[in-house]
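*Asks:* Pasting in a structure now, in structure tokens, and then I'll have a few things to ask.
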Amino acid sequence: MQVATRAGWPRPYVPRLSARLNYLLHRLLTPNRVNRRLARWLETHRRAGRAFTATEKAVKQRAFGCRMCGQCALPATGYACPQTCPKQLRNGPCGGVSPDGACEVYPEVRCVWVVAYERAEAAGHLDDLSLLQRPVDHRLTGSSSWVNYWQGRDEGLWADPEGVRTRLPIWPTTASAA
Amino acid sequence: MTEGLRTAIESGRFAVTAELDLPHGIDPDRVDAKARALSGWVDAVNVTDNPGASVMPAAMAGSVLAQRAGLEPVMQLVCRDRNRIALQSDLLGAGLLGIPNVLLLTGDHPRFGDHPGAMPVFDLDSVTLVGAARALRDSGRLLGGRTVAPPPSWLIGAVENPFAAPQRFRAARLAKKVAAGAEFVQTQFVFDVPMFARFMADVRDLGLTDQCTVLAGIGPIRSPRALEFMRSEVPGIHIPDDVVRRLTSVPSDRFAAEGVRLCAEIAAQVREIPGVGGVHVMVFGKEGLVPEILETAGIGPRVVGGRLGGRLGGRPVGRASERGTRNVG
């Protein structure tokens, strides 16, 4: 009954591929002339666009537990999806994580931000976690984040409207905890 | 009348805040009674926003009652129950009512409350809510772009849990909140002072104490049941084994007194940690205990015959003028 009553909430998902491999694969997605043209074509050809989005969904659901927010934060979170946090927090873990790293809502699984931290650290991308993530734009929910990325729609995702530097020196030099 | 939280923070005087739990029923006189117990001992009182995801009277209403009773409120606002329209609306409402401080948090998940079937909103997270509040106050701009004039002027607070995993992310997450605009932060209950000291070392290392006043969360555990409840039912509270041993080794009729004594000792200890600018006392409805805890800890009342009580403590933080123009990057 416990599980059944929580079935509707996002659930932390452990990514299938190593962070290092994900960072490598990401290079294939870097916007260029070809995929920008593909994105424009997909948006004008509805059936192809739907098939493309369904494929992206199938791949990313299996790899990351993707929930199709349409504005992918994965490259900045060690490829652990923050939308699988029951609170869908995109700027770091909540205060309810147990000292051993368990999610407060699903104590039997690890907090997705604990996983993100470990993966980002292992891949040398800890600084990415310091980016200030903007609120999700719910108009993009269900759309292809790859197409949105190639079309430049999520360019402001990590910027701050007040001109705050997007990368902050937020990692202490003294290691406080092992 | 005390000088209030802003003055304490701007002057670097050791600040004291406490939680004011609203009564479940509709009895404004009980809020008054609670306020009287705290009056003169605190710079401000936190009025909680449906704590533990259980329905309580609105924090904005409680803040107004606290103001009427002569206390300065810190209105809490959580991301759990409202989308960005309602959150910003409540921030503006607090401005209209002259509520001088807001405290912006993610909020406990509905799973823990009395309506576990409720829709969890979490449209913004605590960092983006702090950023939205700062933009609203300093530029009068709403997230959607529309501007508001004149803008509100509340002080912006946030929370952090130094004891939750991943521990190295905790000071870093506070840094994100400070970058987004937080001016003071209240922490989760401190029961593990060495661990809190390590967190504060990180916080100082990042230079955050110059931009943000850290108030250490303290509170007494007054019964074996409360101890068990806090250990197993409240997410994010860390109680080390030596504290458990100390409390459970005294006869049960002295448990409550020992819990209060422990709390006062922790208050005195965290006060000595560089960068700690105050304490935030959480007493679960037992407001009458606050003076005893502060007195035992040597912190004393806020105002004694027109003079500030207690000795000065905590590190001075930047003046308001500096903070207004600081490079937040």
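*Asks:* Hey, can you tell me all the residues within region A:120-141 that are charged (D, E, K, R) and either away from chain B (no Cβ under 11 Å) or more than 13 Å from the chain's Cα centre (by Cα) (or both)?
*Replies:* Selection gives A:Glu121, A:Asp127, A:Asp128, A:Asp137, A:Arg139.
*Asks:* May I pose another question? Return the only residue of A:Pro135, A:Pro161 being in a loop (DSSP other than H, G, I, E, B), at pLDDT below 95 and crowded, with 18+ Cβ neighbours inside 10 Å.
*Replies:* None of the other options fit; the residue is A:Pro135.
*Asks:* Which of the residues belonging to region B:170-205 are within 7 Å of chain A (Cβ to nearest Cβ), within 24 Å of B:Ala264 (Cβ to Cβ) and out of contact with any Ser or Thr (no Cβ under 7 Å at 6 or more places or on another chain)?
*Replies:* Matches in region B:170-205: B:Gln188 only.
*Asks:* A further question on this structure: Please verify whether region A:64-82 includes one or more residues that are within 9 Å of another protein chain (Cβ to nearest Cβ), closer than 30 Å to B:Gly117 by Cβ and outside any helix (DSSP H, G or I).
*Replies:* Scanning region A:64-82, I find no residue that is within 9 Å of another protein chain (Cβ to nearest Cβ), closer than 30 Å to B:Gly117 by Cβ and outside any helix (DSSP H, G or I), so the answer is no.
*Asks:* Check region B:275-289 and report whether any residue there is crowded, with 16+ Cβ neighbours inside 10 Å, outside any helix (DSSP H, G or I), modelled with pLDDT under 95 and small (Gly, Ala, Ser).
*Replies:* no
*Asks:* Also: Kindly indicate the residue of region B:208-227 that is over 20 Å from B:Ile266 (Cα atoms) and surrounded by fewer than 19 Cβ atoms within 10 Å (Cβ to Cβ) and also nearest to the chain's Cα centre (by Cα) among those meeting that condition.
*Replies:* If we take residues in region B:208-227 being over 20 Å from B:Ile266 (Cα atoms) and surrounded by fewer than 19 Cβ atoms within 10 Å (Cβ to Cβ), then B:Asp210 is nearest to the chain's Cα centre (by Cα).
*Asks:* Hey, another quick one. Scan region B:116-169 for residues that are among the β-branched types (Val, Ile, Thr) and facing chain A (nearest Cβ under 10 Å) and jot them down. Outline the logic, then answer.
*Replies:* Our first condition is that a residue be among the β-branched types (Val, Ile, Thr); within region B:116-169, this holds for B:121, B:127-128, B:130, B:147-148, B:156, B:159.
Within region B:116-169, B:Val121, B:Val127, B:Thr128, B:Val130, B:Val159 qualify.
*Asks:* Which residue pairs have Cβ atoms closer than 9 Å, lie 6 or more positions apart in sequence or on different chains, and pair a first residue in region B:92-115 that is more than 12 Å from chain A (Cβ to nearest Cβ) and touching a residue at least 40 places away in the same chain (Cβ under 8 Å) with a second residue that is assigned to a helix (DSSP H, G or I) and of a type in the set (Asp, Glu)?
*Replies:* Qualifying pairs under 9 Å: B:Val102/B:Asp90.
*Asks:* Moving on. Collect the residues in region A:83-119 that are outside any loop (DSSP other than H, G, I, E, B), more than 9 Å from chain B (Cβ to nearest Cβ) and among the β-branched types (Val, Ile, Thr), keeping them in residue-number order.
*Replies:* A:Thr84, A:Val112, A:Val115, listed by residue number.
*Asks:* What are the residues in region B:35-52 that are in a helix (DSSP H, G or I) and within 17 Å of the chain's Cα centre (by Cα), if any?
*Replies:* B:Ala35, B:Leu38, B:Pro51, B:Gly52
*Asks:* With the requirement that a residue be crowded, with 24+ Cβ neighbours inside 10 Å and either over 19 Å from the mean Cα position of the chain (by Cα) or free of Cβ contacts under 8 Å to residues at least 12 places away in the same chain (or both), what does region B:173-207 give you?
*Replies:* B:Asp202
*Asks:* If you don't mind, there's one more thing I want to ask. When only residues in region B:2-23 that are among the polar types (S, T, N, Q) and more than 13 Å from B:Cys212 (Cα to Cα) count, which is surrounded by the fewest Cβ atoms within 10 Å (Cβ to Cβ)?
*Replies:* Looking at residues that are among the polar types (S, T, N, Q) and more than 13 Å from B:Cys212 (Cα to Cα), I get B:Thr7.
*Asks:* Condition (residue is surrounded by fewer than 24 Cβ atoms within 10 Å (Cβ to Cβ), within 23 Å of B:Val234 (Cα to Cα) and of a type in the set (A, V, I, L, M, F, W, C)) applied to region B:141-155: is it met by at least one residue?
*Replies:* No, region B:141-155 has no match at all.
*Asks:* Quick one: count up the residues across region B:227-243 that are part of a helix (DSSP H, G or I), in contact (Cβ under 8 Å) with a residue 40 or more places away in the chain and closer than 18 Å to A:Cys94 by Cα.
*Replies:* Residues of region B:227-243 that are part of a helix (DSSP H, G or I), as a first pass: B:227-232, B:241-243.
Adding the requirement that they be in contact (Cβ under 8 Å) with a residue 40 or more places away in the chain leaves B:230, B:243.
The next check asks that each one be closer than 18 Å to A:Cys94 by Cα; those that pass are B:230.
Count: 1.
*Asks:* Exactly one of these conditions fails for B:Gly310: (1) modelled with pLDDT of 95 or more; (2) touching a Gly at 6+ places or on another chain (Cβ under 7 Å); (3) among the small types (Gly, Ala, Ser). Give me its number.
*Replies:* (1)
*Asks:* Of the residues A:Arg27, A:Arg16, A:Arg20, which is surrounded by 13 or more Cβ atoms within 10 Å (Cβ to Cβ) and either small (Gly, Ala, Ser) or modelled with pLDDT under 95 (or both)?
*Replies:* A:Arg20
*Asks:* Can we say A:Arg47 is surrounded by fewer than 17 Cβ atoms within 10 Å (Cβ to Cβ) and within 23 Å of A:Arg110 (Cβ to Cβ)?
*Replies:* When the stated conditions are applied, A:Arg47 does not pass them.
The values are calculated or read from the model by the stated rules, or taken from the named source; none is laboratory data. What you see is a predicted model; the values in this text were computed from it and never measured. Quick reminder, even Gly has a Cβ in these numbers, built from the backbone with ideal geometry, and neighbours come from all protein chains shown.
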